[in-house]
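Step one of this worksheet: look at the structure below.
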Amino acid sequence: MDKHPIRFGVQTGQQNIEWEQLRSFWARADGWDYDSLWVFDHFYPIFTPDPAGPCLEGWTLLSALSQNTKRARIGALVNGNTYRHPSLTAKMAATLDNLSGGRLNLGIGAGWFEAEHRSLGFDFKTVGGRLQALDESCQIIKGMLTQEKTTLHGKHYNVVDAVCNPKPIQKNMPLMIGGHGERVLLKIVAKYADMWNMGNADAAEMKRLIGVIERHGDTVGRNTDEIEKTLMLALCYKAPKQREETLSSLVGMMTQTTPERARDRMIIGSKQECVDKLEGYIKAGVTHFIFMHNPMLTSEEDIQAFAEDVIPQFRSR
């Protein structure tokens with residue numbers, strides 16, 4: 001806990017939104033003292049049943065947004081490993097780290113959106129195949145970002161003396177792995193991750209999953225306290241009761257649970273309610289909170305007011 005300060009971030013899902021809206025919001029959020037700003041990595045909208053809606057590509061967008069921010073760390077939460085060869089991911093990450101002045105957090109996950117894969121022609125693999133490919137990718141990416149040459153003869157990837165030049169500005173670019181599969185995915189987290197992300201979990205579930213990571217760390221010989229535990233969740237700050245109920249119902253529908261249960265997995269209510277909820281997560285081991293910003297979920301007013309009222313309370317920790 002002493003190793004990782006309390007941080008706050010915002011993820012903007014880039015569907016059904018114009019470039020100028022995103023550019024303007026990121027510039028403002030950077031000035032509101034958020035620590036991290038994130039896009040997602042999808043080619044089709046994921047918060048609507050219509051796959052034909054507008055959705056900007058994540059890496060291209062993130063490169064442009066990096067030039068419209070100065071302070072916050074940036075990243076994609078998280079990149080789908082199945083969409084790009086890991087050697088390409090490493091080169092793109094190193095380039096963007098240089099363009100952003102050393103502010104990139106490199107997020108990666110096994111991939112989950114089957115319809116997107118089938119439609120666009122990406123190999124979806126089996127669950128086991130996706131996880132094995134993610135493990136190999138982590139080895140290749142970490143090697144290329146830190147070593148002169150990287151070689152790996154794997155089941156999914158074969159690289160020989162792969163070079164990444166220039167290297168990132170950061171000596172250790174944080175690798176964030178997203179997901180919650182307890183037997184395999186969290187073991188990959190324990191082996192390679194500098195950051196781990198989970199979405200829509202209550203404090204008790206976060207504590208339990210962090211315990212799973214710690215046990216995997218014992219197996220692979222790593223102190224998993226080094227890993228920054230991050231959580232993505234919805235924010236509804238000091239909103240009218242009707243909007244709270246609407247958002248709780250919407251999050252419940254998206255996560256296939258009840259509105260009451262969904263409320264347990266949100267930062268919602270008055271300032272004191274939100275502070276108390278954050279304290280519970282912090283006791284469970286979470287230190288980095290990332291709020292989903294989508295017009296269906298969170299208003300800009302909530303995000304700004306939370307930054308002004310609540311974030312300063314946690315800055316000395």
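Accessible surface of the range 77-217, 1.4 Å probe: 53 percent of it comes from carbon and sulfur atoms. Candidates F289, I268, A193 compared by Cα position along the dipole of the range 174-293: farthest toward the positive end lies I268, with charges placed on Cβ. Rolling a 1.4 Å probe across the protein heavy atoms gives the chain an accessible surface of 44 Å² per residue. Close amide H partners of R7, meaning residues 5 or more places away or on another chain with modelled amide H under 5 Å apart, are H288, F289. Within the chain, the whole DSSP H helices whose Cα atoms reach 24 Å or more along their own axis and whose mean Kyte-Doolittle score is at least -0.5 are 127-146, 203-220. Ligands, DNA and RNA excluded, the heavy atoms of T151 present near 70 Å² of accessible surface to a 1.4 Å solvent probe. Label-to-label distance for A64 and A204 is 4.5 nm, based on points extended 7 Å past Cα in the beta-carbon direction.
The values are calculated or read from the model by the stated rules, or taken from the named source; none is laboratory data. These figures come from a predicted structure and were not determined experimentally. We place every Cβ from the backbone using ideal geometry, glycine too, and count neighbours over all the protein chains shown. Areas reflect the complete protein model, heavy atoms only, side chains present, ligands, DNA and RNA absent. Shrake-Rupley method; radii C 1.70, N 1.55, O 1.52, S 1.80 Å.
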